[in-house]
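Mind looking over this structure? Questions follow.
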Amino acid sequence: MGNNQQVNMEIDLRALIYNLWNKRKTILKIMGIGLLAGIVIAFSIPKTYKVDITLSPESGQNSNTNNFAGMASMLGIGGIGGNGQEALNSTMFPDLIKSTPFILEMYNVEVTPQTSQHAIKLSDYIDTQKSPWWGYIFNLPGMAINGIKSLFISNENTNDSNHIIDPFRLTGEQNRKIAIIKGALSATIDSKSNMTIVSATFQDPEVAATVADSAVAKLQKYIIDYRTRKAQEDCNYLEKLCKERKEEYYKAQKAYADFMDANRNVVLQRTQAEGTRLQNDMSIAFQIYSQVETQLQVARAKVQEAKPVFAIVEPATVPLSPSSPNKKIIILGLMFLGFIGSSAWILFGKELWQSLRDTNKESNN
C-alpha cells in the first residue's frame, strides 16, 4: 500500500514538472515582466543612508547614593542622598526619541547636505528629499486640496505658521514634517549587551550623521537634566540659605566688635552681660553658617555625582554606501514572485478559474 502511494506521488510530481516545462515560455515571460518591474521599482526608490551610534549608558547610581548618604550621616546632615535618581534612564530612549517635544527640539537642527555648502534647518531639508514617482501620483489629491486651500489663506499667515511652532496647535505641514523626522529616528536596546543603538536614516549621508549625533547629544542632555534636577534644586536652595546665614554671621560679628570697641574700659556688669550675649549670638550664627556651608559642599558634590556617564562605543560616521534600497533583493524578489505566481496559475489557478466559470454558467441556466 505504501509503495503504491509513493509511486502515485512520483507520477503526480512528474506530471506537475512536465506541465510546468511545457509552459516554460509563459513562466519566463512573467519572470521577465517581474524583472522589468523590479528594475523600475528598485531604481525609482531614492537611496537612503543609515547612521548608527552605539552607547553604553551608566547602569545606576545606587552605590554613589549610598556613599553620599554615609557621608551626610557622618557630617550630621539629614535629607541628602535620596533614591529617586533611577526614575529615568537609557531604557526610556526609544520612547523619548519618538516623543513630539523631542522631535520639536530636532526640528530646527542645522544640517549641511553634501550637495550644498550652506547649513539649513532640518525642517527645510525635509522638503528637499525625493519620493518615488508613484508617491507623487498618490499625493496629487492632497496637493490639489492644499492648492485650493491656499487660495483662501494668505501667504503671510502660511509663512508665519511655518516658522512659529506652537506645540499645542501644530499645522498640517508641521505635523507632516514631524512624522517624517519620527520615522527617520529610532532607538533600540540590545537585550543581551544592554547597549543602546540610536539610528538616523536620511537621503543624505552628511545629514544622517549630523542628525544622529545631535539626537544622541540631546538625549544625553535630557537624561542629565532630569537626573540632576532634584540635586540641583537642593543645591540652589542651600546656596541661597548659605548666603543669608553668612550675612547674619557677619552682621552679628560686626555688632559684637562695635560693642566691644565702644565699651573697652567699661567694667559694669550690665555691659559685660551684653557683651556675652552678643558673643553668643555671633557663635550661634557661625555654627549655623558653618553647618549650611557643609551641606552646600555635599550638595554640590552630589550634583556632579548624579550626572550619568554615557560611553559612546560606536560614534557617528558619514556612511559611504546607502543602506537601502537593496536593488538585488527587490529584483530577485519580484522575479521569484513572478515564478511562483505563474506556476500556481498554471498548476491550480487555471483549473479553479474554469470550474468557477462553469459553476456560474450552471447556476445562471
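The values are calculated or read from the model by the stated rules, or taken from the named source; none is laboratory data. Note that the structure is predicted; figures quoted are calculated from it, not measured. Cβ: placed from backbone, ideal geometry, glycine included. Neighbour counts: every protein chain shown. Note: accessible area is taken over every heavy atom of the protein model, side chains too, but ligands, DNA and RNA are not part of it. Shrake-Rupley method; radii C 1.70, N 1.55, O 1.52, S 1.80 Å.
Give me the 1.4 Å probe accessible area per residue for the range 258-322, excluding ligands and nucleic acids, in Å².
Accessible surface, normalised per residue, equals 68 Å².
In whole Hz, with x marking every Gly and Pro, tabulate ³J(HN,Hα) for the range 327-338 from phi via Karplus 6.51 cos²θ - 1.76 cosθ + 1.60, θ = phi - 60°.
4, 5, 5, 5, 5, 5, x, 5, 5, 5, 4, x
If you roll a 1.4 Å probe over the range 274-320 with all protein chains in place, what percent of the accessible area is carbon or sulfur?
54 percent
Around residue 45, under 14 Å between beta carbons, what's the net of Lys plus Arg minus Asp minus Glu among the other residues?
Charge balance near residue 45 sits at +4.
Give, as a single signed number, the net charge of other residues whose beta carbon lies under 15 Å from the beta carbon of residue 210, with Lys and Arg counted +1 and Asp and Glu -1.
Surrounding charge for residue 210 is -4.
Need one number for the range 266-310: average projected area of the convex hull over its C-alpha atoms, nm².
That works out to 3.1 nm², a quarter of the Cα hull's surface.
Give me the distance in nm between label points sitting 7 Å out from Cα along the Cα-to-Cβ direction at residue 166 and residue 267, one decimal.
8.4 nm
Each residue of the range 300-310 in order: what ³J(HN,Hα) in whole Hz does its phi give by Karplus 6.51 cos²θ - 1.76 cosθ + 1.60, θ = phi - 60°, with x for Gly and Pro?
Taking θ as phi minus 60°, the curve returns 4, 5, 5, 4, 5, 6, 6, 5, x, 9, 10 Hz for the range 300-310.
With each pseudo-label sitting 7 Å past Cα toward Cβ, what's the residue 354-residue 324 distance in nm, one decimal?
So the label points at residue 354 and residue 324 sit 4.3 nm apart.
Something else: Within the set 182/302; 218/327; 50/192; 29/177; 98/307; 221/251, which residue pairs have Cα atoms separated by over 32 Å?
The answer is 182/302; 218/327; 29/177; 221/251.
Given 0.36 nm per residue, what is the gain on full extension from residue 279 to residue 192 after removing their alpha carbon distance, in nm?
Gain on extension, residue 279 to residue 192, equals 24.8 nm.
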